[in-house]
Amino acid sequence: MTPKAGASLTALVVGGGVGGLTAALALARAGLSVTVVEQAQALGEVGAGLQVSPNATRVLFSLGLEAELSALAFRPEAVEARGWRNGREISRAPLGESARERYGFPYFHMHRADLVSVLEQACGAEAGIALLLGETVAACPGDGTPALVLASGERLEADILVGADGIRSVVREALFGPAAPRFTGQVAWRGLVPAERLKDAGIRPVASLWMGPGAHFVHYFVRGGTLVNFVGVVERSDWREESWSSRGEAADLRRDFAGWHPTVQGIVEAAPEDACFRWALFDRAPLPEWGRGAVTLLGDACHPTLPFMAQGACMAIEDAAVLAGCLAGCGRAGIPAALSRYEDLRRPRTAGIQAGSRRNATIYHLHAPFSWARNLVMGAGLGMGATMDGLYRYDALAAGTRAPA
């Protein structure tokens, strides 16, 4: 099987998650013919929330998805940090209309499955995209040749190969060899609770961060405010299951956050017994290079990002826009240079986000008296709000089309 004909360049994208689908759509809009190879029989994500900040909504809106996303998203009024036990507000940065006025695009909270569904529908309606589901990649060359061998034995070839297949990327391993990701010593709980079960929990229409010794807890509304998504991170060394769909015992979740503020307790107590999930957090050091020849990587395949800046999905969305911009109007002979430029444009920013996310993992979990100093600094306006401009003003659309220096 080969990608659809009729375009100047063809591309194979491995992975049908947020990054892979956004890349497929952006590349198709740039004039490429794209085939997405995904091992799942149907696209989708196990239920979880994500935050889509203005740097990412800028890209998604440029792909014509504003109406569909707006209908499904929740628009938080602010992001707040509070003390784990007394609930005292430590830091607050406005979002809502303020974010749209300041950055030109909104800040969304979304159910991950909703975002994947919108992207899948857009890709399905695009003449230049073929979605190949239920196919596992068995091998790909490590010399930069844009080709794949599927588990069925079928070989796929294109002008460009993009590995958007996650932290344990088959494409990355083919290029650079096996290397196990690093366990961070942290385990995350996550779940979704119907908002109607939390009417008396004091949940505000904001992104809430509760910081405690050795742990933190985040919650926010998704799906138009009908669900509350939560993520609770604790420091543990005895749990290394990476799957997002690994069920945990609700009793363990309650024990991990015993003694926390009543709002956190309310969410934990209301979490469905059969829908509490936990997974170990892994990451990798920044790669010095992302590709070879006509093969490159995107998203967690090249820069897995811990969730402590809410930028993992956003970085993959940015990658997609910059990659498409670099390849727009490119001939076959120019592919290696275009991919090299894409990597050069993206590596510094994604490495900075990786480092910032790791740093936040430490900051959020400080014990007294260091947490007291942290609270003073954040309360003085040097916390979450201080980093927003650099994050949210980034224009991936302009970065990819800007002439090389």
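Kindly indicate the residue of region 248-266 that is in contact with a helix residue (DSSP H, G or I) (Cβ under 7 Å, 6 or more places away or on another chain) and not charged (D, E, K, R) and also surrounded by the fewest Cβ atoms within 10 Å (Cβ to Cβ) among those meeting that condition.
GLY266
Among the residues of region 176-193, which ones are more than 18 Å from ARG254 (Cα to Cα) and touching a residue at least 40 places away in the same chain (Cβ under 8 Å)?
Result: PHE176, ALA179, PRO181, ARG182, PHE183, THR184, GLY185.
Filter region 159-173 down to residues that are surrounded by fewer than 22 Cβ atoms within 10 Å (Cβ to Cβ) and more than 14 Å from ASP283 (Cβ to Cβ) and give me whichever is modelled with the highest pLDDT.
The extreme case among them is ASP159.
Mind telling me which of the residues VAL268, VAL264 ends up being free of Cβ contacts under 8 Å to residues at least 60 places away in the same chain and either part of a strand (DSSP E or B) or hydrophobic (A, V, I, L, M, F, W, C) (or both)? Walk me through it before giving the result.
On the way: VAL264 fails: free of Cβ contacts under 8 Å to residues at least 60 places away in the same chain.
Only one candidate passes the filter, namely VAL268.
Based on what the data block shows, is GLU235 surrounded by fewer than 19 Cβ atoms within 10 Å (Cβ to Cβ) and either under 17 Å from GLN265 (Cα atoms) or among the β-branched types (Val, Ile, Thr) (or both)?
no
Identify the residue in region 126-144 that is open to solvent by 50 Å² or more (accessible area, probe 1.4 Å) and outside any strand (DSSP E or B) and, among all such residues, is nearest to VAL13 (Cα to Cα).
THR136
Taking interchain pairs and intrachain pairs at least six residues apart, which have beta carbon atoms under 7 angstrom, with the first residue in region 207-231 and closer than 19 Å to ASP256 by Cβ and in a loop (DSSP other than H, G, I, E, B) and the second modelled with pLDDT under 95 and open to solvent by 30 Å² or more (accessible area, probe 1.4 Å)?
Partner pairs satisfying both residue conditions: GLY214/GLU235.
Suppose the filter is of a type in the set (Asp, Glu), farther than 26 Å from THR10 by Cβ, surrounded by fewer than 17 Cβ atoms within 10 Å (Cβ to Cβ) and over 16 Å from the mean Cα position of the chain (by Cα); does GLU269 pass it?
Yes, satisfied.
So that you can scan it fast, the table gives a plain yes or no per residue for (1) of a type in the set (S, T, N, Q); (2) more than 21 Å from VAL170 (Cα to Cα); (3) modelled with pLDDT under 95:
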{"site": "CYS326", "(1), (2), (3)": "no, yes, no"}
{"site": "GLU343", "(1), (2), (3)": "no, no, no"}
{"site": "ALA361", "(1), (2), (3)": "no, yes, yes"}
{"site": "LEU397", "(1), (2), (3)": "no, yes, no"}
{"site": "THR401", "(1), (2), (3)": "yes, yes, yes"}
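Just for region 83-121: of the residues that are among the hydroxyl-bearing types (Ser, Thr, Tyr) and farther than 27 Å from GLY15 by Cα, which one is nearest to the chain's Cα centre (by Cα)?
TYR103
Scanning for something open to solvent by 40 Å² or more (accessible area, probe 1.4 Å), small (Gly, Ala, Ser) and farther than 22 Å from GLY291 by Cβ, does region 356-371 turn up at least one residue?
Going residue by residue through region 356-371, those that are open to solvent by 40 Å² or more (accessible area, probe 1.4 Å) are 358-359, 362-363, 366-370.
Then keep just the ones that are small (Gly, Ala, Ser); that gives 368.
Filter once more, so that each one left must be farther than 22 Å from GLY291 by Cβ: 368.
The answer is yes, given that some residue of region 356-371 is open to solvent by 40 Å² or more (accessible area, probe 1.4 Å), small (Gly, Ala, Ser) and farther than 22 Å from GLY291 by Cβ.
So that you can scan it fast, the table gives a plain yes or no per residue for (1) open to solvent by less than 70 Å² (accessible area, probe 1.4 Å); (2) assigned to a helix (DSSP H, G or I); (3) at pLDDT 95 or above:
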{"site": "MET315", "(1), (2), (3)": "yes, yes, yes"}
{"site": "LEU323", "(1), (2), (3)": "yes, yes, yes"}
{"site": "GLY329", "(1), (2), (3)": "no, no, no"}
{"site": "ARG349", "(1), (2), (3)": "yes, yes, yes"}
{"site": "GLY381", "(1), (2), (3)": "yes, yes, no"}
{"site": "ALA386", "(1), (2), (3)": "yes, yes, no"}
{"site": "GLY390", "(1), (2), (3)": "yes, yes, no"}
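Identify all residues within region 359-376 that are under 20 Å from ALA280 (Cβ atoms) and touching a strand residue (DSSP E or B) at 6+ places or on another chain (Cβ under 7 Å); write none if there are none.
Those that are under 20 Å from ALA280 (Cβ atoms) and touching a strand residue (DSSP E or B) at 6+ places or on another chain (Cβ under 7 Å): ALA361, TYR364, HIS365.
Quick one: which residue in GLY212, GLY248 is more than 19 Å from the chain's Cα centre (by Cα), among the small types (Gly, Ala, Ser) and modelled with pLDDT of 95 or more?
It is GLY212.
Return a yes/no flag: does region 187-194 have any residue that is of a type in the set (Gly, Ala, Ser) and open to solvent by 10 Å² or more (accessible area, probe 1.4 Å).
no
Among the residues of region 55-91, which ones are in contact (Cβ under 8 Å) with a residue 60 or more places away in the chain, open to solvent by 80 Å² or more (accessible area, probe 1.4 Å), over 18 Å from GLY225 (Cβ atoms) and not polar (S, T, N, Q)?
ARG85
The values are calculated or read from the model by the stated rules, or taken from the named source; none is laboratory data. Just so we're clear, the structure is a prediction, and the values are computed from it rather than from any experiment. Methodologically, a virtual Cβ is constructed for each residue, glycine included, from the backbone with ideal geometry; neighbour enumeration extends over all protein chains shown. These area figures cover heavy atoms from the full protein model, side chains too; ligands, DNA and RNA do not enter into them. Shrake-Rupley method; radii C 1.70, N 1.55, O 1.52, S 1.80 Å.
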